[in-house]
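The values are calculated or read from the model by the stated rules, or taken from the named source; none is laboratory data. In this text the structure is predicted, and so the values were computed from the model without any measurement. In this analysis, Cβ positions are derived from the backbone assuming ideal geometry, glycine residues included, and neighbour counts consider all displayed protein chains. Protein only, heavy atoms only, side chains kept; ligands, DNA and RNA dropped before computing areas. Shrake-Rupley method; radii C 1.70, N 1.55, O 1.52, S 1.80 Å.
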Amino acid sequence: MDILVVGGGGREHAIIWKLSQSPSAGKIYCAPGNAGIAQLAECVPIGVFEFDKLTAFAKEKEVGLVVIGPDDPLAAGIVDAFEAQDIPVFGPRKNAAEIEGSKTFMKDLLHKYNIPTAAYEKFSEYEAALAYLRGQGLPIVIKADGLAAGKGVTVAYSREEAEQALRDIMVAKVFGEAGAQVVIEEFLAGQEMSILAFVDGETVRPMAAAQDHKPVFDGDKGPNTGGMGTYSPLPHIDQSIIHEAVKTIIEPTAKAMVAEGRSFSGVLFAGLMISPDGKPKTIEFNARFGDPETQVVLPRLKSDLLEIFLAVAEGRLADTSIEWSDEAAVCVVLASQGYPGNYPKGVPITGLEEAGDGLVFHAGTARGEDGSWLTNGGRVLGVVGKGADIAEARAAAYASAEKIHFEGKQNRSDIAMKALV
(Lines give C-alpha, C1' and ligand atoms only; values in the text may rest on other atoms or scores of the structure.)
Protein backbone atom coordinates (compact mmCIF):
# COMPACT_ATOMS: atom_id res chain seq x y z
CA MET A 1 0.00 0.00 0.00
CA ASP A 2 1.34 3.42 -0.96
CA ILE A 3 1.18 6.13 1.72
CA LEU A 4 1.20 9.93 1.79
CA VAL A 5 2.42 11.63 4.99
CA VAL A 6 1.64 15.35 5.28
CA GLY A 7 4.22 17.46 7.15
CA GLY A 8 7.92 18.04 7.18
CA GLY A 9 9.45 17.90 10.66
CA GLY A 10 11.05 15.49 13.09
CA ARG A 11 7.69 14.01 14.00
CA GLU A 12 6.96 13.14 10.38
CA HIS A 13 10.47 11.69 9.94
CA ALA A 14 9.84 9.39 12.93
CA ILE A 15 6.42 8.38 11.60
CA ILE A 16 7.84 7.57 8.15
CA TRP A 17 10.77 5.68 9.71
CA LYS A 18 8.30 3.47 11.57
CA LEU A 19 5.86 3.10 8.65
CA SER A 20 8.72 2.01 6.38
CA GLN A 21 9.20 -1.06 8.61
CA SER A 22 5.71 -2.36 7.82
CA PRO A 23 5.62 -5.26 5.35
CA SER A 24 2.39 -3.75 4.00
CA ALA A 25 4.02 -0.40 3.18
CA GLY A 26 4.69 0.32 -0.47
CA LYS A 27 5.99 3.65 -1.71
CA ILE A 28 5.89 6.47 0.85
CA TYR A 29 5.41 10.09 -0.20
CA CYS A 30 5.84 13.11 2.07
CA ALA A 31 4.51 16.61 1.44
CA PRO A 32 6.54 18.72 1.75
CA GLY A 33 9.06 16.64 3.74
CA ASN A 34 12.65 17.64 4.47
CA ALA A 35 16.15 16.59 3.50
CA GLY A 36 16.32 13.80 6.09
CA ILE A 37 12.90 12.44 5.21
CA ALA A 38 14.03 12.27 1.57
CA GLN A 39 16.25 9.33 2.54
CA LEU A 40 13.13 7.23 3.25
CA ALA A 41 10.35 8.78 1.19
CA GLU A 42 9.75 10.74 -2.00
CA CYS A 43 9.26 14.36 -0.98
CA VAL A 44 6.74 16.32 -3.04
CA PRO A 45 6.69 20.15 -3.05
CA ILE A 46 3.12 20.64 -1.85
CA GLY A 47 2.38 22.74 1.24
CA VAL A 48 0.33 21.42 4.13
CA PHE A 49 -2.48 23.91 3.44
CA GLU A 50 -2.76 23.19 -0.28
CA PHE A 51 -5.68 20.83 0.24
CA ASP A 52 -6.76 20.70 -3.42
CA LYS A 53 -3.25 19.82 -4.59
CA LEU A 54 -2.79 17.26 -1.83
CA THR A 55 -6.07 15.47 -2.55
CA ALA A 56 -5.37 15.54 -6.29
CA PHE A 57 -1.90 14.06 -5.71
CA ALA A 58 -3.30 11.31 -3.48
CA LYS A 59 -5.86 10.39 -6.12
CA GLU A 60 -3.31 10.46 -8.93
CA LYS A 61 -0.91 8.18 -7.02
CA GLU A 62 -3.76 6.00 -5.71
CA VAL A 63 -2.39 6.12 -2.18
CA GLY A 64 -4.09 3.75 0.23
CA LEU A 65 -3.72 5.97 3.29
CA VAL A 66 -2.94 9.60 4.08
CA VAL A 67 -1.39 10.44 7.47
CA ILE A 68 -1.60 14.01 8.78
CA GLY A 69 1.28 15.13 11.01
CA PRO A 70 0.98 18.83 12.01
CA ASP A 71 -1.69 20.61 14.05
CA ASP A 72 -2.43 23.62 11.81
CA PRO A 73 -3.86 21.74 8.80
CA LEU A 74 -5.89 19.50 11.12
CA ALA A 75 -7.47 22.59 12.68
CA ALA A 76 -8.14 23.94 9.18
CA GLY A 77 -10.03 20.80 8.11
CA ILE A 78 -7.54 18.82 6.03
CA VAL A 79 -9.09 15.48 7.09
CA ASP A 80 -12.52 16.67 5.97
CA ALA A 81 -11.01 17.56 2.57
CA PHE A 82 -9.62 14.04 2.07
CA GLU A 83 -12.81 12.40 3.31
CA ALA A 84 -14.82 14.48 0.83
CA GLN A 85 -12.78 12.80 -1.93
CA ASP A 86 -13.22 9.32 -0.37
CA ILE A 87 -9.50 9.07 0.36
CA PRO A 88 -8.65 7.05 3.52
CA VAL A 89 -7.00 9.37 6.05
CA PHE A 90 -5.59 9.09 9.58
CA GLY A 91 -6.39 12.08 11.77
CA PRO A 92 -9.31 13.92 13.39
CA ARG A 93 -11.85 15.98 11.50
CA LYS A 94 -11.90 19.76 11.94
CA ASN A 95 -14.61 19.74 14.61
CA ALA A 96 -12.62 17.19 16.67
CA ALA A 97 -9.25 18.90 16.12
CA GLU A 98 -10.71 21.94 17.90
CA ILE A 99 -9.69 20.26 21.15
CA GLU A 100 -6.20 21.54 20.29
CA GLY A 101 -7.14 24.46 18.06
CA SER A 102 -9.00 26.30 20.85
CA LYS A 103 -7.89 26.21 24.47
CA THR A 104 -11.19 27.78 25.53
CA PHE A 105 -13.09 24.97 23.81
CA MET A 106 -10.89 22.39 25.48
CA LYS A 107 -11.19 23.93 28.96
CA ASP A 108 -14.96 24.34 28.63
CA LEU A 109 -15.29 20.70 27.52
CA LEU A 110 -13.32 19.44 30.51
CA HIS A 111 -15.29 21.66 32.87
CA LYS A 112 -18.64 20.47 31.44
CA TYR A 113 -17.74 16.80 31.87
CA ASN A 114 -15.92 17.18 35.22
CA ILE A 115 -12.55 16.05 33.84
CA PRO A 116 -9.63 17.12 36.08
CA THR A 117 -7.88 20.32 34.97
CA ALA A 118 -6.65 23.62 36.41
CA ALA A 119 -9.13 26.33 37.40
CA TYR A 120 -9.38 28.97 34.66
CA GLU A 121 -11.10 32.01 33.19
CA LYS A 122 -11.27 33.05 29.53
CA PHE A 123 -11.22 36.56 28.10
CA SER A 124 -11.60 38.28 24.75
CA GLU A 125 -11.15 41.84 26.12
CA TYR A 126 -7.73 43.00 27.28
CA GLU A 127 -8.91 45.29 30.08
CA ALA A 128 -11.12 42.60 31.62
CA ALA A 129 -8.28 40.09 31.42
CA LEU A 130 -5.85 42.54 33.01
CA ALA A 131 -8.25 43.33 35.86
CA TYR A 132 -8.72 39.62 36.57
CA LEU A 133 -4.99 38.94 36.36
CA ARG A 134 -4.22 41.63 38.93
CA GLY A 135 -6.51 39.89 41.40
CA GLN A 136 -4.76 36.52 41.12
CA GLY A 137 -1.81 35.04 42.96
CA LEU A 138 1.52 33.94 41.52
CA PRO A 139 2.74 31.99 39.69
CA ILE A 140 0.03 32.04 37.05
CA VAL A 141 -0.36 30.72 33.51
CA ILE A 142 -1.37 32.83 30.49
CA LYS A 143 -2.28 31.03 27.25
CA ALA A 144 -3.18 32.26 23.78
CA ASP A 145 -6.40 30.50 22.78
CA GLY A 146 -5.30 29.30 19.35
CA LEU A 147 -2.35 27.47 17.81
CA ALA A 148 1.00 29.15 18.38
CA ALA A 149 3.59 26.49 17.47
CA GLY A 150 3.89 25.43 21.11
CA LYS A 151 4.99 28.92 22.16
CA GLY A 152 1.72 30.59 23.19
CA VAL A 153 1.99 29.70 26.89
CA THR A 154 3.70 31.73 29.63
CA VAL A 155 4.18 30.56 33.20
CA ALA A 156 4.62 33.90 34.97
CA TYR A 157 6.40 34.10 38.31
CA SER A 158 6.16 37.89 38.65
CA ARG A 159 3.39 40.44 38.15
CA GLU A 160 5.47 42.21 35.48
CA GLU A 161 6.03 38.99 33.53
CA ALA A 162 2.34 38.11 33.66
CA GLU A 163 1.18 41.51 32.45
CA GLN A 164 3.81 41.56 29.70
CA ALA A 165 2.63 38.16 28.46
CA LEU A 166 -0.95 39.41 28.37
CA ARG A 167 0.06 42.56 26.46
CA ASP A 168 2.08 40.50 23.98
CA ILE A 169 -0.88 38.24 23.24
CA MET A 170 -3.82 40.65 23.27
CA VAL A 171 -2.31 44.06 22.41
CA ALA A 172 0.86 43.40 20.40
CA LYS A 173 -0.78 40.30 18.89
CA VAL A 174 2.52 38.44 18.63
CA PHE A 175 0.56 35.26 17.91
CA GLY A 176 -1.92 36.91 15.53
CA GLU A 177 -5.48 35.66 15.66
CA ALA A 178 -4.40 32.83 17.97
CA GLY A 179 -4.40 35.49 20.69
CA ALA A 180 -7.88 36.89 20.05
CA GLN A 181 -8.86 35.13 23.27
CA VAL A 182 -6.74 34.19 26.27
CA VAL A 183 -7.08 31.61 28.99
CA ILE A 184 -5.72 32.54 32.41
CA GLU A 185 -5.39 29.51 34.66
CA GLU A 186 -3.98 28.43 37.97
CA PHE A 187 -0.42 27.19 38.08
CA LEU A 188 -0.12 23.45 38.63
CA ALA A 189 3.00 22.23 40.41
CA GLY A 190 4.38 18.72 40.08
CA GLN A 191 5.74 16.35 37.44
CA GLU A 192 4.71 16.81 33.81
CA MET A 193 3.78 13.76 31.77
CA SER A 194 2.68 13.20 28.18
CA ILE A 195 0.35 10.35 27.27
CA LEU A 196 -0.40 9.88 23.59
CA ALA A 197 -3.24 7.54 22.72
CA PHE A 198 -4.65 6.01 19.58
CA VAL A 199 -8.34 6.91 19.65
CA ASP A 200 -11.26 5.67 17.56
CA GLY A 201 -14.47 7.17 18.96
CA GLU A 202 -14.75 5.83 22.51
CA THR A 203 -11.95 3.27 22.05
CA VAL A 204 -8.70 4.47 23.65
CA ARG A 205 -5.36 2.65 23.36
CA PRO A 206 -2.67 4.56 25.29
CA MET A 207 0.88 4.59 24.00
CA ALA A 208 3.99 4.46 26.17
CA ALA A 209 4.16 7.53 28.44
CA ALA A 210 6.82 10.19 27.81
CA GLN A 211 8.07 13.45 29.30
CA ASP A 212 9.00 16.56 27.32
CA HIS A 213 11.35 19.42 28.22
CA LYS A 214 9.79 22.66 26.95
CA PRO A 215 12.08 25.49 28.19
CA VAL A 216 15.15 26.08 26.08
CA PHE A 217 17.80 25.98 28.83
CA ASP A 218 18.93 23.48 31.47
CA GLY A 219 16.94 23.42 34.67
CA ASP A 220 13.75 24.38 32.82
CA LYS A 221 14.98 27.95 32.40
CA GLY A 222 14.29 30.36 29.57
CA PRO A 223 11.41 30.69 27.10
CA ASN A 224 9.25 27.77 26.04
CA THR A 225 10.04 25.98 22.81
CA GLY A 226 8.41 23.30 20.71
CA GLY A 227 10.36 20.80 22.85
CA MET A 228 14.07 20.35 23.58
CA GLY A 229 14.05 16.64 24.35
CA THR A 230 11.99 13.73 25.62
CA TYR A 231 12.30 10.35 27.24
CA SER A 232 10.21 7.21 27.73
CA PRO A 233 9.30 5.35 29.93
CA LEU A 234 8.87 7.31 33.18
CA PRO A 235 10.31 5.06 35.89
CA HIS A 236 9.84 7.73 38.58
CA ILE A 237 6.05 7.91 38.00
CA ASP A 238 4.10 4.94 39.33
CA GLN A 239 2.18 2.94 36.74
CA SER A 240 -0.99 3.35 38.83
CA ILE A 241 -0.87 7.12 38.21
CA ILE A 242 -0.55 6.57 34.47
CA HIS A 243 -3.50 4.18 34.61
CA GLU A 244 -5.52 6.74 36.58
CA ALA A 245 -4.76 9.43 34.01
CA VAL A 246 -6.08 7.22 31.23
CA LYS A 247 -9.22 6.29 33.19
CA THR A 248 -10.07 9.73 34.60
CA ILE A 249 -8.88 12.01 31.78
CA ILE A 250 -8.25 10.46 28.36
CA GLU A 251 -11.11 7.95 28.20
CA PRO A 252 -13.71 10.42 29.57
CA THR A 253 -12.51 13.04 27.09
CA ALA A 254 -12.93 10.64 24.16
CA LYS A 255 -16.47 9.86 25.38
CA ALA A 256 -17.19 13.56 25.84
CA MET A 257 -16.15 14.28 22.25
CA VAL A 258 -18.54 11.59 21.01
CA ALA A 259 -21.32 13.05 23.17
CA GLU A 260 -20.64 16.49 21.66
CA GLY A 261 -20.94 15.16 18.11
CA ARG A 262 -17.18 15.53 17.58
CA SER A 263 -16.08 11.88 17.61
CA PHE A 264 -12.27 11.79 17.66
CA SER A 265 -10.24 9.59 15.33
CA GLY A 266 -6.43 9.68 15.38
CA VAL A 267 -3.91 10.49 18.10
CA LEU A 268 -5.17 12.27 21.20
CA PHE A 269 -2.21 13.64 23.14
CA ALA A 270 -2.73 14.63 26.78
CA GLY A 271 -0.28 16.97 28.44
CA LEU A 272 -0.68 16.25 32.16
CA MET A 273 0.60 17.46 35.52
CA ILE A 274 1.00 14.98 38.35
CA SER A 275 0.45 16.86 41.60
CA PRO A 276 2.56 16.11 44.72
CA ASP A 277 -0.33 13.97 46.04
CA GLY A 278 -0.16 11.82 42.88
CA LYS A 279 -3.31 13.10 41.18
CA PRO A 280 -3.15 13.82 37.42
CA LYS A 281 -4.70 16.98 35.96
CA THR A 282 -4.96 18.10 32.35
CA ILE A 283 -2.70 20.91 31.13
CA GLU A 284 -3.64 20.61 27.45
CA PHE A 285 -4.77 18.31 24.69
CA ASN A 286 -3.22 17.99 21.27
CA ALA A 287 -4.93 16.37 18.30
CA ARG A 288 -1.87 14.68 16.79
CA PHE A 289 1.46 13.06 17.57
CA GLY A 290 3.70 15.23 19.75
CA ASP A 291 7.04 16.54 18.58
CA PRO A 292 9.48 15.41 19.99
CA GLU A 293 7.48 12.85 22.02
CA THR A 294 6.94 10.79 18.87
CA GLN A 295 10.69 10.36 18.50
CA VAL A 296 10.87 8.32 21.73
CA VAL A 297 7.44 6.67 21.65
CA LEU A 298 7.55 5.10 18.18
CA PRO A 299 10.98 3.47 18.67
CA ARG A 300 9.36 1.56 21.56
CA LEU A 301 6.42 0.35 19.45
CA LYS A 302 6.73 -3.35 18.58
CA SER A 303 3.49 -3.54 16.56
CA ASP A 304 2.97 -2.57 12.92
CA LEU A 305 2.21 1.19 12.84
CA LEU A 306 0.53 1.02 9.44
CA GLU A 307 -1.87 -1.64 10.68
CA ILE A 308 -2.75 0.54 13.68
CA PHE A 309 -3.34 3.59 11.46
CA LEU A 310 -5.62 1.56 9.20
CA ALA A 311 -7.52 0.16 12.18
CA VAL A 312 -8.19 3.67 13.48
CA ALA A 313 -9.13 5.04 10.05
CA GLU A 314 -11.51 2.11 9.48
CA GLY A 315 -13.06 2.22 12.95
CA ARG A 316 -11.77 -1.14 14.23
CA LEU A 317 -9.19 -0.12 16.83
CA ALA A 318 -11.06 -2.13 19.48
CA ASP A 319 -10.07 -5.33 17.67
CA THR A 320 -6.38 -4.42 17.29
CA SER A 321 -3.62 -5.50 19.69
CA ILE A 322 -0.67 -3.16 20.33
CA GLU A 323 2.64 -4.20 21.90
CA TRP A 324 5.41 -2.07 23.40
CA SER A 325 9.07 -2.73 24.08
CA ASP A 326 10.52 -2.55 27.59
CA GLU A 327 13.49 -0.64 26.16
CA ALA A 328 13.99 3.01 27.09
CA ALA A 329 14.45 5.84 24.60
CA VAL A 330 15.85 9.36 25.09
CA CYS A 331 15.76 12.17 22.49
CA VAL A 332 18.07 15.19 22.62
CA VAL A 333 17.10 18.08 20.32
CA LEU A 334 19.90 20.00 18.62
CA ALA A 335 18.74 23.54 17.91
CA SER A 336 20.04 26.56 16.02
CA GLN A 337 21.69 29.48 17.78
CA GLY A 338 19.01 31.96 18.87
CA TYR A 339 16.11 29.48 18.92
CA PRO A 340 13.28 29.93 19.93
CA GLY A 341 13.90 33.48 18.71
CA ASN A 342 15.49 34.42 15.40
CA TYR A 343 18.08 31.98 14.10
CA PRO A 344 20.29 31.57 11.02
CA LYS A 345 19.73 29.03 8.27
CA GLY A 346 22.15 27.37 5.88
CA VAL A 347 24.79 26.56 8.53
CA PRO A 348 26.84 23.47 7.53
CA ILE A 349 26.27 20.30 9.59
CA THR A 350 28.96 17.65 10.03
CA GLY A 351 29.14 14.35 11.87
CA LEU A 352 25.78 12.88 10.85
CA GLU A 353 27.40 9.75 9.49
CA GLU A 354 29.49 9.32 12.64
CA ALA A 355 26.33 9.55 14.76
CA GLY A 356 24.83 6.56 12.96
CA ASP A 357 24.82 4.39 16.08
CA GLY A 358 21.75 6.30 17.24
CA LEU A 359 18.52 7.28 15.51
CA VAL A 360 18.71 10.76 14.04
CA PHE A 361 15.42 12.37 13.05
CA HIS A 362 15.62 15.50 10.90
CA ALA A 363 13.43 18.43 11.91
CA GLY A 364 14.99 21.36 10.05
CA THR A 365 17.66 20.36 7.54
CA ALA A 366 18.37 20.97 3.86
CA ARG A 367 20.90 19.76 1.32
CA GLY A 368 23.46 22.07 -0.28
CA GLU A 369 24.24 21.95 -4.00
CA ASP A 370 27.29 19.82 -3.19
CA GLY A 371 25.20 17.36 -1.18
CA SER A 372 26.29 18.72 2.19
CA TRP A 373 23.87 18.96 5.13
CA LEU A 374 22.68 22.42 6.18
CA THR A 375 20.49 23.77 8.98
CA ASN A 376 17.04 24.90 7.86
CA GLY A 377 15.05 25.46 11.04
CA GLY A 378 15.07 26.30 14.74
CA ARG A 379 15.02 22.71 15.90
CA VAL A 380 17.44 21.00 13.54
CA LEU A 381 17.78 17.37 14.65
CA GLY A 382 16.40 14.97 17.23
CA VAL A 383 19.05 12.46 18.32
CA VAL A 384 17.62 9.33 19.95
CA GLY A 385 19.42 6.78 22.05
CA LYS A 386 17.95 3.45 23.14
CA GLY A 387 18.95 1.21 26.02
CA ALA A 388 17.85 -1.22 28.68
CA ASP A 389 17.02 1.71 30.97
CA ILE A 390 16.93 5.52 30.94
CA ALA A 391 20.56 5.90 32.01
CA GLU A 392 21.79 3.70 29.17
CA ALA A 393 19.53 5.34 26.59
CA ARG A 394 20.53 8.81 27.79
CA ALA A 395 24.24 8.00 27.50
CA ALA A 396 23.69 6.69 23.96
CA ALA A 397 21.73 9.78 22.90
CA TYR A 398 24.36 12.22 24.18
CA ALA A 399 27.21 10.16 22.73
CA SER A 400 25.61 10.45 19.28
CA ALA A 401 24.69 14.12 19.74
CA GLU A 402 28.28 15.02 20.58
CA LYS A 403 29.43 13.71 17.19
CA ILE A 404 27.21 16.19 15.31
CA HIS A 405 28.49 19.72 14.83
CA PHE A 406 27.22 23.00 13.40
CA GLU A 407 28.11 26.55 14.37
CA GLY A 408 25.88 27.80 17.19
CA LYS A 409 24.51 24.35 18.03
CA GLN A 410 22.59 24.43 21.30
CA ASN A 411 21.03 21.65 23.30
CA ARG A 412 20.04 20.94 26.86
CA SER A 413 22.44 18.77 28.85
CA ASP A 414 19.87 17.60 31.40
CA ILE A 415 17.34 15.67 29.30
CA ALA A 416 15.86 12.76 31.31
CA MET A 417 17.73 13.64 34.49
CA LYS A 418 14.42 13.83 36.37
CA ALA A 419 14.09 10.08 35.86
CA LEU A 420 17.48 9.43 37.44
CA VAL A 421 17.15 11.50 40.64
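Residue check, Met273 against (1) modelled with pLDDT of 95 or more; (2) of a type in the set (A, V, I, L, M); (3) under 30 Å from Asn411 (Cβ atoms); (4) in contact with a Gly (Cβ under 8 Å, 6 or more places away or on another chain), all met but one. Which one?
Evaluating Met273 over (1) modelled with pLDDT of 95 or more; (2) of a type in the set (A, V, I, L, M); (3) under 30 Å from Asn411 (Cβ atoms); (4) in contact with a Gly (Cβ under 8 Å, 6 or more places away or on another chain) leaves (1) as the failure.
If a residue has to be without any contact (Cβ under 8 Å) to a residue 60 or more places away in the chain and not small (Gly, Ala, Ser) to count, how many in segment 9-52 make the cut?
Number of matching residues: 19.
Could you pull out every one of the helices (runs of 4 or more DSSP H) wholly within segment 57-163 that has 1 or more residues that are at pLDDT 95 or above and under 29 Å from Gly10 (Cα atoms)?
On the way: elements: 71-75, 78-84, 94-101, 103-112, 126-134.
Hits in segment 57-163: 71-75, 78-84, 94-101, 103-112.
How many residues are touching a strand residue (DSSP E or B) at 6+ places or on another chain (Cβ under 8 Å) and either without any contact (Cβ under 8 Å) to a residue 60 or more places away in the chain or β-branched (Val, Ile, Thr) (or both) when one looks only at segment 378-393?
5
Quick one: in segment 307-323, of everything that is under 25 Å from Glu98 (Cα atoms) and either of a type in the set (A, V, I, L, M) or surrounded by 23 or more Cβ atoms within 10 Å (Cβ to Cβ) (or both), which residue is farthest from the chain's Cα centre (by Cα)?
Ala318
Taking into account only those residues within segment 298-332 that are aliphatic (A, V, I, L, M) and touching a Pro at 6+ places or on another chain (Cβ under 6 Å), which is nearest to Gly229 (Cα to Cα)?
Ala329
Please indicate, with yes or no, whether at least one residue in segment 46-53 is within 15 Å of Thr365 (Cα to Cα), open to solvent by 10 Å² or more (accessible area, probe 1.4 Å) and not small (Gly, Ala, Ser). Step through it out loud before you land on a result.
Taking segment 46-53 first, the residues within 15 Å of Thr365 (Cα to Cα) are none.
No, every residue in segment 46-53 fails to be within 15 Å of Thr365 (Cα to Cα), open to solvent by 10 Å² or more (accessible area, probe 1.4 Å) and not small (Gly, Ala, Ser).
If only one of Ala56, Ala38 is within 21 Å of Val380 (Cα to Cα) and surrounded by fewer than 19 Cβ atoms within 10 Å (Cβ to Cβ), which one is it?
One residue alone meets the criteria, Ala38.
From the list Ala189, Ala197, Ala210, Ala254, exactly one residue is surrounded by 18 or more Cβ atoms within 10 Å (Cβ to Cβ), of a type outside the set (Phe, Trp, Tyr) and more than 20 Å from Ala318 (Cα to Cα). Which is it?
Matching residue, one of Ala189, Ala197, Ala210, Ala254: Ala210.
Looking only at residues in segment 324-343 that are over 18 Å from Val383 (Cα atoms) and in a loop (DSSP other than H, G, I, E, B), which one is nearest to the chain's Cα centre (by Cα)?
Looking at the filtered set, the residue picked out is Pro340.
Kindly provide the set of residues from segment 1-37 that are touching a Ser or Thr at 6+ places or on another chain (Cβ under 7 Å) and outside any loop (DSSP other than H, G, I, E, B), ordered by number. Walk me through it before giving the result.
First, the residues of segment 1-37 that are touching a Ser or Thr at 6+ places or on another chain (Cβ under 7 Å): 1, 11, 14-15, 28, 34-36.
Selection gives Arg11, Ala14, Ile15, Ile28.
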